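S.K.: I have a structure I would like to understand better, so I am pasting it below and will then ask my questions one at a time.
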Number of protein chains: 2
Amino acid sequence: MGISPLLTDLYEITMLYAYFKNGKTEEASFELFTRELPKNRNYLIFAGLPWVVEFVENLHFSNEDIDYIYSLKIFPDDFLDFLKGFRFTGKIYSMKEGEIFFQNEPVIRVEAPIYQAQLLETTLMNQVHISSLIASKAARVYTVSGGRKLADFSLRRTHGVDAGIKVAYSTYLAGFDGTSNVLAGKLFGIPVIGTVAHSFIMAFNSEEEAFRAYLKAFPEKAVLLVDTYDTVEGVKRAIRVAKELGVKLKGIRLDSGDVVKLSKVARELLDEAGFTDCKIIVSGGLDEYRIAQIVREGAPVDSFGVGTKVGTSADSPYIDFVYKLVQIGNRPIMKMSPGKKMYPGKKQVFRQEGQDLLTLESEKHTGKPLLELVVKDGKRVKNLPTLTEAREYCLENLSKLPPQLKDIYSKAYYPVVVSKELEELYEKLEKELTEDQ
Amino acid sequence: MGISPLLTDLYEITMLYAYFKNGKTEEASFELFTRELPKNRNYLIFAGLPWVVEFVENLHFSNEDIDYIYSLKIFPDDFLDFLKGFRFTGKIYSMKEGEIFFQNEPVIRVEAPIYQAQLLETTLMNQVHISSLIASKAARVYTVSGGRKLADFSLRRTHGVDAGIKVAYSTYLAGFDGTSNVLAGKLFGIPVIGTVAHSFIMAFNSEEEAFRAYLKAFPEKAVLLVDTYDTVEGVKRAIRVAKELGVKLKGIRLDSGDVVKLSKVARELLDEAGFTDCKIIVSGGLDEYRIAQIVREGAPVDSFGVGTKVGTSADSPYIDFVYKLVQIGNRPIMKMSPGKKMYPGKKQVFRQEGQDLLTLESEKHTGKPLLELVVKDGKRVKNLPTLTEAREYCLENLSKLPPQLKDIYSKAYYPVVVSKELEELYEKLEKELTEDQ
């Protein structure tokens, strides 16, 4: 599962050569952050650290990688031994997996000789981006689900294999209870959840025959899909067949129609028949808006199977993460662009009562510092939390989030205050850069 | 790079067991299609076939996979040997890689014993979805680019590793000229393209020093990023430094500001200095709308570096692909849902003059049939086209597309006509299903 060092932009390697060629080995710091939150997001959840750490610990160019790089015919021979010996020997500071973050807050800082720190850019962004994007979307679903169970059903339309795995991971991190993705279950120990498809029901001569076949296969564990033909009739039929076979019905699934009304009818029918333990699962085009509506209307739904709209973060399918040089040697750096402010220097974020404080790393303040050392000399200095631990931490953070930020219908801003020292440094550099021109 | 058979929804495996348990081995046909095109798409491009074929040819459960499946404690022991011996032995009919398709048209049909055909659902959808999604978005960029070169720069914000690779592949298929993704270059032979980042420029004490360092590393091949401080000054400085060093300037890149105006100024300055071969590359938040505008305004841009908005298909980040049972044994099947029409039976698509004709497989018509046999007895029956060949085919298809479909600003519908025979079968089944209730 290791990520190839070639999974990067070519310019990371051309710059690597240019740094090497010019003997440029000064210590540099890069920070990964976003200047603003995406549409429809009042907060973001940091995720993806395990892949970052794994990548930097194992980063090296194989002979095959080097052969390919040389086949491009843009690199002189003097680079060859350098590539062979390349390792990451720097430090990584990071927020905790499952941390909540806001605009301008570094989630990761890399400190290393500049040629090393630069090279990590593309891969780190790629992995943190998809993980944080989906955790942030899933958290919105979690906060409106009113304690109902949530399952990730998105694999068929995630953007490829790695996204499928990261979506299962990140939705679980942000409060989901399971996934349909078997591989993710194997990799992370996430509970895997499965029902049955319309095609199975239709492969038999009648719904009754299909129900019999499925209940025969899973006498105590079957979740029957009841909406293939007529939903109410489907529920009655499921009850009848289960009773005839003398087996338990673990659940029924509704994938279409007016699920609020249908779930109420289904609950009554199930309860009347004594199937009070039978769960009602709803799926089909769900996102936080639809789930909030279903919950608000009092539908007796036990769990939701959530797919494409969360698995692609459809309303905001990317976060504008950037990876910026903030210091080289002792010189703090910032890039000035019209309308794109960034803060220079190595920074820290203090989580205080009702606000975050963005400071220079050297400052001391009250509150909890969010960035901590995770990699030193290229190796992890502490064990990362398990996914279960990270999930607990994430849910604890979500429970403390001000209610207006959890409102999925309106924009709210959490105050990220900039320390006096950092603001003064910004102004000083701004003045210098303006005078230079 | 093989895809694990566990990269699937659990219900594919529970259904596999239920089919097995009930001795259900009838030949079934499933078709992969979308009932409607996404927002802002007048046509779609089929892509992803190489991964489909590779997956089905190699599909088997390893001992480790089986151990995990059994650890779930939902499958009885009688399934064990069946899983060990599982192989795909059926047929796959598919559109050609790079084919244009529309609503209701099957892009793939799987014919196999039902337990096998069912199992492919999630993985096939996952791989065809991301590949076709991105090819379809990239085609819109290609058709407005007016012959300018296009490069995929999206890796940092694609949804993970596999998406990064598929985006490079699919954008190239649909007319891009290269990618920044080195691994995709290695895997597919796509030309890889790279310039230099702002952080490199800022890592030196001055822009001039940075330009010198980069030109020293790549005397004849350097593309300099000129907008870090003041763009016009940056262009002048690039010219001056290149002249002083007596080297060629391959290109300059503009990543911010009024690129139409700046590219005109840059072109004049470069031409005056005799750097008429120096290319102007523009990047930064580009999509088909922005590129069409830049082209319309006559900016002398030679190539565009296109990132996040194309790499995530941001305006329409998913296609509603479904994989539906259409026939079992000799019985054609369709699922009726309110507002969700589908056509039953094994189908073919004929591309005729100005329209597509959707028919039953058995019908004969004029026009080019789009579905062809690619896998038989679980193995490919013909070599798939190379990416270069598929790209040529795709671009040929795009060149024949009616202009109103290529208009990125308005919705246009290509006629997909349903044959009399298929429509009659639909009506017959509709009647039967309605009477059943």
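FYI, it's all coordinate maths here, none of it is from the lab. Remember, it's a predicted structure, so these values are computed and weren't measured experimentally. Cβ sites come from the backbone with ideal geometry, for glycine too, and all protein chains shown count toward neighbours.
S.K.: Given H placed on each backbone N at 1.01 Å, which residues far from A:Val374 in sequence or on other chains put an amide H within less than 5 Å of it?
M.R.: Under 5 Å from the amide H of A:Val374: A:Ile92, A:Tyr93, A:Ser94.
S.K.: Now, a different point. Helix B:259-272 versus the longest principal axis of chain B: what is the Cα-based angle in degrees, 0 to 90, to the nearest 10?
M.R.: With both axes taken from Cα atoms, the answer is about 50 degrees.
S.K.: Apply the Karplus curve 6.51 cos²θ - 1.76 cosθ + 1.60, θ = phi - 60°, to the phi angles in the stretch A:173-182 and return the couplings in whole Hz, x for Gly and Pro.
M.R.: 3, 9, x, 5, 10, x, 9, 7, 7, 5
S.K.: Over 30 Å apart: what share of the alpha carbon pairs of chain A falls there, rounded to a whole percent? All intermediate terms of the calculation are to be shown ahead of the outcome.
M.R.: Numbers: 49208 of 95266 pairs.
Here the tail beyond 30 Å accounts for 52 percent of pairs.
S.K.: Could you state the number of Å between the C-alpha centres of the stretch B:121-160 and the stretch B:224-267?
M.R.: The two parts, judged by their Cα centres, are 30 Å apart.
S.K.: Using just the C-alpha positions of the protein assembly as shown as equal point scatterers, what log10 of I(q)/I(0) does the Debye formula give at each q in 0.07, 0.08 1/Å?
M.R.: The Cα Debye sum returns log10 ratios of -0.57, -0.74.
S.K.: Starting from the amide H of A:Phe88, placed 1.01 Å from N in the peptide plane, find each other amide H under 5 Å away whose residue is 5 or more places distant or on another chain.
M.R.: For A:Phe88, whose amide H was placed from the backbone, the distant partners under 5 Å are A:Leu59.
S.K.: Need one number: nm distance between label points at A:Leu395 and B:Leu401, each 7 Å from Cα along Cα→Cβ, rounded to one decimal.
M.R.: The answer from the label model is 4.6 nm.
S.K.: Over the stretch B:139-311, what is the relative contact order in percent, taking alpha-carbon pairs closer than 8 angstrom and at least six residues apart?
M.R.: Details: 299 pairs, mean separation 45.5, N = 173.
So the answer I get is 26 percent.
S.K.: Using 1/(1 + (r/R0)^6) with R0 = 60 angstrom and r between the beta carbons of B:Thr276 and B:Arg35, what's the FRET efficiency to the nearest 0.05? Kindly include the intermediate steps, with their values, before the conclusion.
M.R.: Working: r = 52 Å, r/R0 = 0.87.
The pair B:Thr276/B:Arg35 has a calculated efficiency of 0.70.
S.K.: If you don't mind, another one. Please turn the phi angles of the stretch B:70-84 into ³J(HN,Hα) values with the Karplus equation 6.51 cos²θ - 1.76 cosθ + 1.60 (θ = phi - 60°), one per residue in order, whole Hz, x for glycine and proline.
M.R.: 6, 5, 6, 6, 10, 10, x, 5, 5, 8, 4, 5, 4, 4, 4
S.K.: Taking amide H positions as placed 1.01 Å from N in the peptide plane, with prolines and chain starts having none, which residues 5 or more places from B:Ile333, or on another chain, fall under 5 Å of its amide H?
M.R.: B:Gln327, B:Ile328, B:Gly345
S.K.: Here is a follow-up. Hey, what number do you get for chain A at 222 nm if only DSSP H runs of n ≥ 4 count, each worth -39500 (n - 2.57), divided across all residues, to the nearest 500? It would help to have the intermediate numbers written out before the result.
M.R.: Numbers: 17 runs with 181 residues, N = 437.
My calculation for chain A gives -12500 deg cm²/dmol from helical runs alone.
S.K.: What average count of beta carbons from other chains do you get within 10 Å of the Cβ of residues in A:332-342? Could you put the intermediate results ahead of the total?
M.R.: Working: counts 0, 4, 1, 7, 2, 7, 3, 1, 1, 0, 0.
Average per residue, whole number: 2.
S.K.: Express the relative contact order of the stretch B:260-373 as a whole percentage, based on alpha carbon pairs under 8 Å and six or more residues apart in sequence.
M.R.: Details: 121 pairs, mean separation 17.9, N = 114.
Averaging sequence separation for qualifying contacts and normalising by length gives 16 percent for the stretch B:260-373.
S.K.: Describe numerically, in nm with one decimal, the distance between label points set 7 Å from Cα along Cα→Cβ at A:Val247 and at A:Glu423.
M.R.: Going by the 7 Å Cα→Cβ label model, 6.8 nm.
S.K.: Only Cα pairs under 8 Å and at least 6 apart count here; give the relative contact order of chain A as a rounded whole percent. Walk me through the intermediate numbers first.
M.R.: Working: 816 pairs, mean separation 98.5, N = 437.
Relative contact order here is 23 percent.
S.K.: Further question on the same structure: Every other copy gets compared here: list the nm distances from the A:Glu423 label point (7 Å along Cα to Cβ) to its counterparts, shortest first, one decimal.
M.R.: 7.1
S.K.: Then there is this: Once the label point is set 7 Å along the Cα-to-beta-carbon vector, what list of distances in nm do you get between B:Asp81 and its counterparts in the other copies?
M.R.: Result, one decimal in nm: 6.2.
S.K.: On to the next question. Quick check on the stretch B:139-311: what does the Kirkwood estimate of hydrodynamic radius come out to from the alpha carbon pairs, in Å?
M.R.: Numbers: mean 1/r = 0.0611 Å⁻¹.
The Cα-based Kirkwood calculation yields 16.4 Å.
S.K.: Something else now. Taking each label point as 7 Å beyond Cα in the direction of the beta carbon, state the distances from A:Glu272 to the same residue in the other copies, shortest first, in nm.
M.R.: A:Glu272 label point versus its equivalents elsewhere: 8.8 nm.
S.K.: If I take R0 = 56 Å and measure r between the Cβ atoms of B:Met336 and B:Glu209 in this structure, what FRET efficiency does the formula 1/(1 + (r/R0)^6) give, to the nearest 0.05? Walk me through the numbers on the way to the answer.
M.R.: Working: r = 71 Å, r/R0 = 1.26.
For B:Met336 and B:Glu209, the calculated efficiency is 0.20.
S.K.: Mind checking B:171-183 for the average number of partner chain beta-carbons within 10 Å of each residue's beta-carbon? The partial results should precede the final answer.
M.R.: Numbers: counts 0, 0, 0, 0, 0, 0, 0, 1, 2, 6, 7, 15, 8.
Rounded to a whole number, the mean comes out at 3.
S.K.: Rounded to the nearest 0.05, what FRET efficiency is calculated for A:Tyr413 and A:Thr89 with R0 set to 51 Å and r the Cβ-Cβ distance?
M.R.: On the way: r = 40 Å, r/R0 = 0.77.
Between A:Tyr413 and A:Thr89 the formula returns 0.80.
S.K.: Over the Cα atoms of the stretch B:158-236, what is the Rg over Rh ratio if Rh follows Kirkwood? It would help to have the intermediate numbers written out before the result.
M.R.: Numbers: Rg = 15.6 Å, Rh = 14.3 Å.
We get a ratio of 1.09 for the stretch B:158-236.
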